[in-house]
Structure formats: C-alpha cells, structure tokens
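S.K.: I have a structure I would like to understand better, so I am pasting it below and will then ask my questions one at a time.
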Amino acid sequence: MKPVIQTKLPNIGTTIFTVMSALAAEYQAINLGQGFPDFMMNEELVALVNTAMQKGHNQYAHMNGLALLRERLAEKIERLYAARVNGESEITITPGGTYAIYTALTTVLQPGDEVIVFEPAYDSYIPNIEINGAVPVLIPLIYPGYAIDWNLVKQKVSAKTKMIMLNSPHNPTGSILGADDMEQLRSIVKGTGIFILSDEVYEHLIFDNKRHESILRYPDLLERSFVCFSFGKTYHCTGWKMGYCVAPAAMMKEFRKVHQFNCFSCNTPLQFALADYIQQKEPYQQLGTQLQQKRDYFQQLMGQTKFKALPSYGSYFQLYSYEGITEEREKDFATRLTKEYGVATIPVSAFYADGKEDKVLRFCFVKKEATLEAAVNRLIKL
Ligand code: GLN
C-alpha cells in the first residue's frame, strides 16, 4: 500500500500569477501580468545590504524581527498616521505581505468561522481561509468602480462572522477606500467581536492626491485589526519577500505563536539595510507621484487601442475592459493575447470564486516606459 494524499484545497490549482508568468516566458511575451517592476531598485539600498553582510549580520535575526527596524517602523507609523504603535510588542517582520495575511488568518480562525471577503479578491485569501476550516462569505464589489456595498455587508454579518478582510489600494482593481467607507466599517463592527484584517501592501502607491485610509488612523478599528504591509512594493524589490504586520499586543502575541514555528525569523541583512534606509529616506510622496506618472503614461498609450480604461487610484494595476474587442472568456482572451500578440495580463475572473466575468483584464503598469510602449504597440494590432 502507498500513501494517498488527500487534498486540503480541492478547488485550487496553480496561482494565476505563476501560470501567466510561465506562459509569458514560454512565448517571450511582455509580462504585464504578475505585479513587479522591471526597473532597478534603489542602488543605495542594495549597497546597504552588502554592507550589512560584510559587517557580519548573517545569522538569525530575532524571531519578531530586528528590534531597530521595528522601532523605526513605529516612528514612521506615528509620523504618517499619528498612531502610537509599540515596535516591541505590536509589530512583527514577516517574509512578505502574503505570509502576514496567512499568519493572521491562522491565528484567529476556528473551524466554521465566517470571514467576509470582497470580490474580486486577491487569490490567496479564500484558500487561506478554507485551509483553516473557516468559511468565506463573498460580497461582490460594485462594478465598474469596485466600491463596497455596505448595506450588503450589514446583511451578511452574522453571529458567526469572525473577521472582515479589507484591501486598499485594492488588488486587482486599483480602487481605494474613502473616509466614508471607514465610517461605515466603524459603525458595523462597533460593539461586536469582529476582527479586521487589512491588506495595505500598496499603502504608498496612491494617486491623484488621495489619502490612504489606513486602519492605523482609526484607534477604534486598530484595536481589533491585523494590518499587513510590504517592503517589496515600497522599495521596488518584490523578490525580497519582506513585509510586516501591525496588531495590538494581545493579538500579536498569538500571531507570534504561529509565526515562530513557521518561518521563525526573516532575512537578517535585509532588515539591517531597511532599518538604515527608512531612517534616511522617506520617498513615500514621491513614490505615489512616480507611479501616477506611469499610470498616466500607460493610459495615454492605451488610448490608441480598443481597450477601455477603468479607474485606478492606487496599486500597481489598471483594469481595462475589452468589451468592444471580443466576447471571449477572460482566461481565453488573456491566453491568446500572450501567445498571439506577445503581451501577458491577468484575467480578473481568477479573483472570483465562481469565475465571474467582468470582461476585464488587469495590467501592471510599473514598468519602464520602453516596456509599456512595446506592449501597447502590440495591443494596437487588435
Ligand atoms: N502580488 C502580485 C500580483 O498581484 C503577485 C505575487 C505572486 O505572484 N504571488 O501580481
């Protein structure tokens, strides 16, 4: 007899990002699918990693993260969001934002708990909930602005609701939460036992002078929240897989119980480099402006094609409707675009549990101008 593996995730295949990046590589397509910059990250930060390694910072860091880095993050949080967070007890450095989200869900969820998830949803959320035996309660965002229908949220909250998951700026749509959304959320969770998980990995990638409505700005929300961030998005180094989670001390204590027996601790020299760099540079405002220019340039180029832009106020992404072009299903069209036209994108149906079709594709515009130009020159032929 041989062991037979029983799947814990029967409805899950390989993540769309890996699928589309592999297809892009196979067909030598321009990859506007998976979200990563194709330009060089800051060389000074690279040099700081090198220095940290040469100084001998090559052994395990503290399991909660380098104390200096956590202290600097607490200072940054106070400057940006006027929140007092204790670096020692309320911040943990993680190997990426996705890991922070998984750990927070695993920390809180018991079998049968319900988690409110807005769709389209980043593709790790639902499997992360299900692997913990909990149940995602799906609420569609309202097309084409992908706003939250708060009346529907009120209807879906039940005695079993353990958590509400938020993501702003939003992946895949580029929509953002406004102050009015935060007020609605505050009134819904007030006096309940509902936790919040807020995915804020694109916190600084926000455009048109909009304000990032971080949970960190709202003490009454923060007291029930795990807030997840990413260094990769902020410093153009997604391959570093470095992030952090902020939560009240009692919640963070439990988070660390899960974390310590999973990855235990994160890359040491990167943490030294980041602690140094955060101290010297605050490129956050510039970052939004820089990416906004990319969004605008891409939109301008795409104006020559038959694709119709949907609004994007933040993140790495812009959605385009292809309604005037074809009636194909999103995955089929995205595959054909990669194979025949040499441009890889992400079908947004991959972010709906039932594969709902808005007839839109997600494009990552965080690329060199030459890359965007070359891609659009191919898309014009459609
Ligand atoms: N967050 C990235 C995106 O949305 C992908 C990360 C990954 O491939 N897991 O494109």
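The values are calculated or read from the model by the stated rules, or taken from the named source; none is laboratory data. Note that the structure is a prediction, hence the values are computed from the model and not measured. Virtual Cβ from ideal backbone geometry, glycine too; neighbours counted across all protein chains shown. Accessible surface is based on the protein model in full, side chains and every heavy atom, while ligands, DNA and RNA are left aside. Shrake-Rupley method; radii C 1.70, N 1.55, O 1.52, S 1.80 Å.
S.K.: Looking at this structure, is Tyr313 modelled with pLDDT of 95 or more and within 27 Å of Leu73 (Cβ to Cβ)?
M.R.: Considered against the rule, which asks whether it is modelled with pLDDT of 95 or more and within 27 Å of Leu73 (Cβ to Cβ), Tyr313 comes out as yes.
S.K.: Right, something else. Which one of these is open to solvent by 10 Å² or more (accessible area, probe 1.4 Å) and not acidic (Asp, Glu): Leu216, Leu291, Leu221, Leu301?
M.R.: Only one candidate qualifies: Leu301.
S.K.: Which residues, counting only those in segment 252-266, are over 15 Å from Ala67 (Cβ atoms) and in contact with a strand residue (DSSP E or B) (Cβ under 9 Å, 6 or more places away or on another chain)?
M.R.: Phe255, His259, Cys263
S.K.: Okay, moving on. Report, by residue number, each residue of segment 298-345 that is closer than 22 Å to Tyr202 by Cβ, in contact with a helix residue (DSSP H, G or I) (Cβ under 7 Å, 6 or more places away or on another chain) and part of a loop (DSSP other than H, G, I, E, B).
M.R.: Listed by number, the residues that qualify are Ser312, Thr345.
S.K.: List, please: which pairs have Cβ atoms under 8 Å, are six or more places apart or on different chains, and start with a residue in segment 278-291 that is of a type in the set (A, V, I, L, M, F, W, C) and end with one that is open to solvent by 20 Å² or more (accessible area, probe 1.4 Å)?
M.R.: Every condition considered, the pairs that remain are Ile278/Arg72.
Okay, residues lined up against (1) surrounded by fewer than 13 Cβ atoms within 10 Å (Cβ to Cβ); (2) away from the ligand (no atom under 16 Å from the Cβ):
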{"residue": "Val137", "(1), (2)": "no, yes"}
{"residue": "Pro144", "(1), (2)": "no, yes"}
{"residue": "Asp149", "(1), (2)": "no, yes"}
{"residue": "Val157", "(1), (2)": "no, yes"}
{"residue": "Met163", "(1), (2)": "no, yes"}
{"residue": "His170", "(1), (2)": "no, no"}
{"residue": "Asp180", "(1), (2)": "yes, yes"}
{"residue": "Ile188", "(1), (2)": "no, yes"}
{"residue": "Arg211", "(1), (2)": "yes, yes"}
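S.K.: Hey, another quick one. Quick one: which of Arg336, Arg329 is basic (Lys, Arg), within 21 Å of Phe17 (Cβ to Cβ), without any contact (Cβ under 8 Å) to a residue 12 or more places away in the chain and open to solvent by 30 Å² or more (accessible area, probe 1.4 Å)?
M.R.: Arg336
S.K.: Any residue at all in segment 123-133 that is open to solvent by 40 Å² or more (accessible area, probe 1.4 Å), within 16 Å of the ligand (Cβ to nearest atom) and under 24 Å from Leu73 (Cβ atoms)?
M.R.: Among the residues of segment 123-133, not one is open to solvent by 40 Å² or more (accessible area, probe 1.4 Å), within 16 Å of the ligand (Cβ to nearest atom) and under 24 Å from Leu73 (Cβ atoms), which makes the answer no.
S.K.: Could you check, for segment 49-68, whether at least one of its residues is open to solvent by 70 Å² or more (accessible area, probe 1.4 Å) and among the small types (Gly, Ala, Ser)?
M.R.: Looking through segment 49-68, none of the residues is open to solvent by 70 Å² or more (accessible area, probe 1.4 Å) and among the small types (Gly, Ala, Ser).
S.K.: Restricting attention to segment 253-292, and to residues there that are closer than 27 Å to Tyr316 by Cα and not in a helix (DSSP H, G or I), which single residue is modelled with the lowest pLDDT?
M.R.: Lys281
S.K.: Now, a different point. Output the residues belonging to segment 242-288 that are loosely packed, with under 14 Cβ neighbours inside 10 Å and of a type in the set (A, V, I, L, M).
M.R.: Residues satisfying the conditions are Ala249, Ala250.
S.K.: If you take just the helices (runs of 4 or more DSSP H) that sit entirely in segment 8-116, which of them hold at least 1 residues that are within 16 Å of the ligand (Cβ to nearest atom), within 24 Å of Gln290 (Cα to Cα) and in contact (Cβ under 8 Å) with a residue 24 or more places away in the chain?
M.R.: It comes to 97-108.
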